[in-house]
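The values are calculated or read from the model by the stated rules, or taken from the named source; none is laboratory data. Predicted model only: the values in this text are computed from it and were never measured. With ideal geometry, Cβ positions are generated from the backbone for all residues, glycine too; neighbour counts draw on all protein chains shown. These accessible areas exclude ligands, DNA and RNA; they are computed on the full protein's heavy atoms, side chains included. Shrake-Rupley method; radii C 1.70, N 1.55, O 1.52, S 1.80 Å.
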Amino acid sequence: MALLETRGLTKRFAGLVAVSDVNLSIETGEIRGIIGPNGAGKTTLFNLISGALKVSSGSITFDGAKVSGKRPSHIARAGLVRTFQRNAMFPSYSVLENVILSRHTEVKSNFFQTIFGTGHEEEAHRERAREIIRFLELDEHENDLAENLSHGHQRILGIANALATEPKLIMLDEPVAGMNPTETRMVTDHIRRLRDEWNMTVVLVEHDMRTVMGTCEYISVINFGELLMEGTPDQVANDKRVIEAYLGSDDYDL
Ligand SMILES: Nc1ncnc2c1ncn2[C@@H]1O[C@H](COP(=O)(O)OP(=O)(O)OP(=O)(O)O)[C@@H](O)[C@H]1O
Ligand SMILES: [Mg+2]
């Protein structure tokens with residue numbers, strides 16, 4: 001059974017169908033790309049899956065349970081998280097504090113107890129937070145304030161904060177947007193290692209075609225809210241319908 005499945009997923013805004021009858025099936029351990037021209041409905045799709053937006057019709061199943069209609073916090077506890085466009089959750093806290101605090105977003109724990117506490121449980125959280133930070137190669141910056149990090153490192157901290165909730169599946173919203181080539185390579189490396197070493201399932205919405213084509217084994221193309229086609233990077237790049245959908249949008253280079 002697929003880890004994440006949508007059936008007939010539809011979102012209507014006044015006078016507009018932003019997501020239309022989308023059937024997606026994503027297996028454990030996949031790195032799935034979701035692409036499509038501007039306004040195709042990719043972000044809306046993410047918002048539906050993470051519970052930030054209510055579905056108009058259709059259903060979403062995650063890890064064997066129906067999650068459509070559930071609150072984002074419930075969905076996150078089930079192991080499905082997304083990163084946000086915004087950079088860091090707690091700008092005036094350190095990298096380590098950010099990841100520790102993110103582990104507690106579901107647990108009602110005193111803010112300061114969380115950071116300065118010395119209980120066994122707190123120690124375990126801190127150790128796991130350090131592990132996540134090391135994995136994403138942020139350990140040099142462990143004590144830097146989030147707001148003082150470079151753009152690239154702030155985005156990576158966003159991934160660390162998402163990992164802090166111990167997800168099975170992580171949805172990344174344009175993770176390399178605004179990054180230079182070195183930062184981009186760093187992030188695509190992390191994405192692959194997340195899957196290979198931590199058995200994470202990754203769903204990636206990304207405008208940068210080189211990143212999508214080089215990182216994902218399988219890609220779903222959305223156009224006007226509908227699933228246009230799915231295939232390997234090669235199949236997608238050579239598909240007439242995909243090329244047509246992208247004609248006239250000059251930030252794509254298939
Ligand atoms: N809250 C909303 N209310 C009304 N219309 C919306 C809302 N959110 C998105 N839309 C519309 O739904 C369509 C899909 O938008 P969406 O942001 O999902 O596209 P996208 O594929 O993420 O585009 P981009 O690549 O530019 O980020 C667009 O026409 C957008 O204007
Ligand atoms: Mg978008």
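Residues satisfying the criterion are present in the range 22-36 (criterion: more than 18 Å from the chain's Cα centre (by Cα), within 15 Å of ligand 1 (Cβ to nearest atom) and assigned to a strand (DSSP E or B)). State whether one or more residues within the range 12-21 are more than 8 Å from ligand 1 (Cβ to nearest atom) and under 21 Å from Glu174 (Cα atoms). For the range 12-21, residues more than 8 Å from ligand 1 (Cβ to nearest atom) and under 21 Å from Glu174 (Cα atoms): absent.
I need the full set of residues from the range 173-217 which are within 16 Å of ligand 2 (Cβ to nearest atom) and charged (D, E, K, R), in order please. Write out each step before concluding.
To start, the set of residues in the range 173-217 that are within 16 Å of ligand 2 (Cβ to nearest atom) comprises 173-178, 203-209, 211-212.
Once the filter is applied, which keeps residues that are within 16 Å of ligand 2 (Cβ to nearest atom) and charged (D, E, K, R), the range 173-217 yields Asp173, Glu174, Glu206, Asp208.
Scan the range 159-172 and tell me whether some residue there is open to solvent by 20 Å² or more (accessible area, probe 1.4 Å), more than 16 Å from ligand 2 (Cβ to nearest atom) and over 15 Å from the mean Cα position of the chain (by Cα).
Checking the range 159-172: not a single residue is open to solvent by 20 Å² or more (accessible area, probe 1.4 Å), more than 16 Å from ligand 2 (Cβ to nearest atom) and over 15 Å from the mean Cα position of the chain (by Cα).
Among residues of the range 56-79 being closer than 19 Å to Val99 by Cβ and within 14 Å of the chain's Cα centre (by Cα), the one that is surrounded by the most Cβ atoms within 10 Å (Cβ to Cβ) is Ala76. Is it the case that some residue within the range 37-53 is surrounded by fewer than 20 Cβ atoms within 10 Å (Cβ to Cβ), more than 15 Å from ligand 2 (Cβ to nearest atom) and not small (Gly, Ala, Ser)? Within the range 37-53, not a single residue is surrounded by fewer than 20 Cβ atoms within 10 Å (Cβ to Cβ), more than 15 Å from ligand 2 (Cβ to nearest atom) and not small (Gly, Ala, Ser).
Restricted to the range 18-27, and to residues there that are touching an Asp or Glu at 6+ places or on another chain (Cβ under 9 Å) and away from ligand 2 (no atom under 13 Å from the Cβ), the residue that is most open to solvent (accessible area, probe 1.4 Å) is Asp21.
Every condition in (1) of a type in the set (Lys, Arg); (2) within 21 Å of Thr165 (Cα to Cα); (3) within 14 Å of ligand 1 (Cβ to nearest atom); (4) open to solvent by 70 Å² or more (accessible area, probe 1.4 Å) holds for Arg82 except the one numbered (4).
If a residue has to be assigned to a strand (DSSP E or B) and either open to solvent by 30 Å² or more (accessible area, probe 1.4 Å) or in contact with a helix residue (DSSP H, G or I) (Cβ under 6 Å, 6 or more places away or on another chain) (or both) to count, how many in the range 230-243 make the cut?
So the count comes out to 1.
Can you find a residue that is under 30 Å from Ile133 (Cα atoms), open to solvent by 30 Å² or more (accessible area, probe 1.4 Å), free of Cβ contacts under 8 Å to residues at least 40 places away in the same chain and in a helix (DSSP H, G or I) anywhere in the range 214-225? Looking for residues that are under 30 Å from Ile133 (Cα atoms), open to solvent by 30 Å² or more (accessible area, probe 1.4 Å), free of Cβ contacts under 8 Å to residues at least 40 places away in the same chain and in a helix (DSSP H, G or I), one finds at least one in the range 214-225, hence yes.
Could you check the range 198-213 and list, in sequence order, the residues that are surrounded by fewer than 18 Cβ atoms within 10 Å (Cβ to Cβ) and in contact with a helix residue (DSSP H, G or I) (Cβ under 8 Å, 6 or more places away or on another chain)? Even if it seems obvious, please write down each step before you answer.
Let us first name the residues in the range 198-213 that are surrounded by fewer than 18 Cβ atoms within 10 Å (Cβ to Cβ), namely 198-199, 207, 210.
Result: Trp198, single match.
Restricting attention to the range 40-71, the residues that are within 20 Å of Arg7 (Cβ to Cβ) and either part of a helix (DSSP H, G or I) or within 14 Å of ligand 1 (Cβ to nearest atom) (or both) total 15.
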